[in-house]
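Here the structure comes first, spelled out in structure tokens, and everything after it is commentary.
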Amino acid sequence: MTIATATLRNQVAAVEPRAAGFFADTATIAGRALRAIPRDVETVIPPIFIALFFFLVNIGTLSDLTEGQIEGFDFTAFQLPTAILLGVTGVSRAPALVLDVQNGYFDRLLLTPVRRLAILLGHMVADVTVACALIIPIVIVGFIVGVRFETGPLGILAFILLGAMWSLAFSGFGYAIALKTGNPGAVNSSFLLFFPFLFLTSSYVPREQLSGWLDTVATWNPVTYLLEGLRSLLVDGWEWGDLVKAVIAISIVGAVSMSMCFAALRGRIRRG
Amino acid sequence: MCSAIRSTALVRQYGEVTAVDGVDLDVASGEIYGFLGPNGAGKSTMVRMLCTLLGPTSGSATVAGFDVVEDPASVRLRIGVALQEAALDPRQTGSELLRLQGLLYGLTRSDANRRVGELAELIDIGDALDRRISTYSGGMRRRLDLAAALVHNPQILFLDEPTTGLDPVSRAAVWEEVRRLNVDLGMTIFLTTQYLEEADVLADRVGIIDAGHLVAEGTPADLKKSIGTDVIVARLDRDASTVCSAIEQVPGVLSVEARGTELIVATSDGSATVSPVAVALSACDVTVRDLTLRTTSLDDVFLELTGNRLEQDDSQGVGS
């Protein structure tokens, strides 16, 4: 266990600790989070399975019914954005962050000069990467079943980007719960938030087909505008009005979730 | 010598509970300072405040010359910390964890890799460094945690109960490492422990904390000397308090304390006093079940100051 004193002194003399900087900190934390993903495949496989399962089952069971009712309606294309949101909503490294809190590693990070914000942003960079990785195979399956993008390759890119940004915006809720409670059960239950967001909207039929209270709720649900933006890339071409509304919807949800998330981070740091 | 750690009237409250209550500390640069106290005495809370993990309710503290509240970033660059529970990510490998730690301290990737190699040699963890931490034994986790605290060559090392739960061999290895870091590198070490022998053997000075209060401070030798150099312990067949006044009259006796059927007699010369004490007990018409002469321990100091004994495990005996 011992090594020569002179060697040890020379070794440590060469070490000059300093603050690495915000971007380096974020990249380091993101690198760790990304390295962990292949080791936590159980967090990635179920969302993609659920998304593809419902996509294929829904188009198999409802295509004829809906397309017969609405002239010119392409239910397969209509369902692809729903499948994307099913896959990426709630997917985040928040459960891993809870484990860090529980096993003390979060404290070890806080003991370093790392920028506190970089701890969260590093995880979120990994989340965006994972979201993109989840969206791509769903889009490929969409292509296989006949979906095409009116907006071409750039539209595909915008589609993936919007999906990933939504995933990031929603992940803030998971991180807020993780940091506030340090409880994995509570983080898993954040999945419940997903239901009103994703099902009280035009996930299965166009908004024009909704009526009564559901129509009212869908009008106020930001996911409605996100779905319409994504669908416009598939079936309508570059409809800037729809896209701007989608971006605004993501921004509103993101602003709320990130405010909660950063407040929870400040609270945890303050509580020690 | 300048202060590495200084606290003034440091207080930390959790609601109605005051975990640390007005602690003044002054730890010199290059010193090993042992912070001794039972579970729940406030040791870990004190460490968390000094390490910038926890804000004090009142009072102030500087570490490496920087205020822990006003300039925590400067403090963090200069300290290494091994908390009570090894703070490791079980999903990473040992080398990944150390490399990441190095990068967060601003080391270049090549310097971080070099440092991982050096620390691997230091903690003698062999090929396991490339295994996931979840496969490590308790001793290996402790050693890796210590290595993580040393990646950036800190000026001051905080060790919060570093040997709790370790087997005697691993414990001895940690002691050796702590001494070496202090002697070879001049590292200031703030060590909390509930083990008397650990504080006695390692620390240049010891602070005794009980219920959030620093009740005594000094070198282990001075603290022990303050209650006499030897202790005679007699186990009687009845309540020992009935004979206290008689034993206090014996020449050479400095103090007498009764704890149930146990009589603890402090003296400056045990070998000269043990016979007169035995005679005095006999004159009191009590049956002595057991009579032991030993040197004073920090436990005796703790008992004298707080009225309680510190818990010891079997391997931490202070000798008799």
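The values are calculated or read from the model by the stated rules, or taken from the named source; none is laboratory data. These numbers come from a predicted model, not from an experiment. Quick reminder, even Gly has a Cβ in these numbers, built from the backbone with ideal geometry, and neighbours come from all protein chains shown.
Yes or no, residue by residue, for (1) buried (at least 20 other Cβ atoms within 10 Å of the Cβ); (2) within 14 Å of chain A (Cβ to nearest Cβ):
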position: B:Leu181; (1), (2): yes, yes
position: B:Ala203; (1), (2): yes, no
position: B:Val215; (1), (2): no, no
position: B:Thr219; (1), (2): no, no
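A single entry from B:Leu122, B:Leu144 fulfils the requirement of being facing chain A (nearest Cβ under 7 Å), among the hydrophobic types (A, V, I, L, M, F, W, C) and either in contact (Cβ under 8 Å) with a residue 24 or more places away in the chain or outside any loop (DSSP other than H, G, I, E, B) (or both): B:Leu122.
Checking every residue in region B:107-116 against the condition of being part of a loop (DSSP other than H, G, I, E, B) and either out of contact with any Asp or Glu (no Cβ under 8 Å at 6 or more places or on another chain) or surrounded by 16 or more Cβ atoms within 10 Å (Cβ to Cβ) (or both) gives at least one match. Could you list all residues from region B:37-92 that are among the hydroxyl-bearing types (Ser, Thr, Tyr) and away from chain A (no Cβ under 12 Å)? Residues satisfying the conditions are B:Ser58, B:Ser60, B:Thr62.
So, of the residues in region B:191-201 that are out of contact with any Gly (no Cβ under 6 Å at 6 or more places or on another chain) and among the aliphatic types (A, V, I, L, M), which turns out to be modelled with the lowest pLDDT? Among residues in region B:191-201 that are out of contact with any Gly (no Cβ under 6 Å at 6 or more places or on another chain) and among the aliphatic types (A, V, I, L, M), the one modelled with the lowest pLDDT is B:Leu196.
Within region A:113-156, the residues that satisfy the criterion of being of a type outside the set (A, V, I, L, M) and in a helix (DSSP H, G or I) are A:Arg116, A:Gly122, A:His123, A:Asp127, A:Thr129, A:Cys132, A:Pro137, A:Gly142, A:Phe143, A:Gly152, A:Pro153, A:Gly155.
Residue count for region A:37-59 under the criterion of being away from every other protein chain (no Cβ under 14 Å), touching a residue at least 60 places away in the same chain (Cβ under 8 Å) and within 18 Å of the chain's Cα centre (by Cα): the result is 5. Of the residues that make up region A:82-95, is at least one part of a helix (DSSP H, G or I), surrounded by fewer than 20 Cβ atoms within 10 Å (Cβ to Cβ) and in contact (Cβ under 8 Å) with a residue 12 or more places away in the chain? Yes, because at least one residue in region A:82-95 is part of a helix (DSSP H, G or I), surrounded by fewer than 20 Cβ atoms within 10 Å (Cβ to Cβ) and in contact (Cβ under 8 Å) with a residue 12 or more places away in the chain.
May I ask you to list the residues in region B:15-26 that are touching a residue at least 24 places away in the same chain (Cβ under 8 Å) and either farther than 15 Å from B:Leu214 by Cα or surrounded by fewer than 24 Cβ atoms within 10 Å (Cβ to Cβ) (or both)?
Across region B:15-26, the qualifying residues are B:Thr18, B:Ala19, B:Asp21, B:Gly22, B:Asp24, B:Leu25.
With respect to being buried (at least 20 other Cβ atoms within 10 Å of the Cβ), within 21 Å of the chain's Cα centre (by Cα), farther than 23 Å from B:Gly106 by Cα and within 14 Å of chain B (Cβ to nearest Cβ), A:Val98 fits the description. Note on region B:54-87: residues that are crowded, with 22+ Cβ neighbours inside 10 Å and in contact with an Asp or Glu (Cβ under 9 Å, 6 or more places away or on another chain) total 7. Would a scan of region B:145-157 turn up a residue that is within 10 Å of B:Val81 (Cα to Cα), crowded, with 22+ Cβ neighbours inside 10 Å, touching a Phe, Trp or Tyr at 6+ places or on another chain (Cβ under 6 Å) and at pLDDT 90 or above? Among the residues of region B:145-157, not one is within 10 Å of B:Val81 (Cα to Cα), crowded, with 22+ Cβ neighbours inside 10 Å, touching a Phe, Trp or Tyr at 6+ places or on another chain (Cβ under 6 Å) and at pLDDT 90 or above, which makes the answer no. Within region B:65-103, how many residues turn out to be in contact with a strand residue (DSSP E or B) (Cβ under 8 Å, 6 or more places away or on another chain), without any contact (Cβ under 8 Å) to a residue 60 or more places away in the chain and among the hydrophobic types (A, V, I, L, M, F, W, C)? The number of residues fulfilling the criteria is 3. For region B:149-168, does any single residue satisfy the condition of being more than 11 Å from every other protein chain (Cβ to nearest Cβ), part of a loop (DSSP other than H, G, I, E, B) and of a type in the set (A, V, I, L, M, F, W, C)? Looking through region B:149-168, at least one residue is more than 11 Å from every other protein chain (Cβ to nearest Cβ), part of a loop (DSSP other than H, G, I, E, B) and of a type in the set (A, V, I, L, M, F, W, C). Would you mind stating whether B:Ser137 is over 23 Å from B:Ser29 (Cβ atoms), out of contact with any helix residue (DSSP H, G or I) (no Cβ under 8 Å at 6 or more places or on another chain) and modelled with pLDDT of 90 or more? When the stated conditions are applied, B:Ser137 does not pass them.
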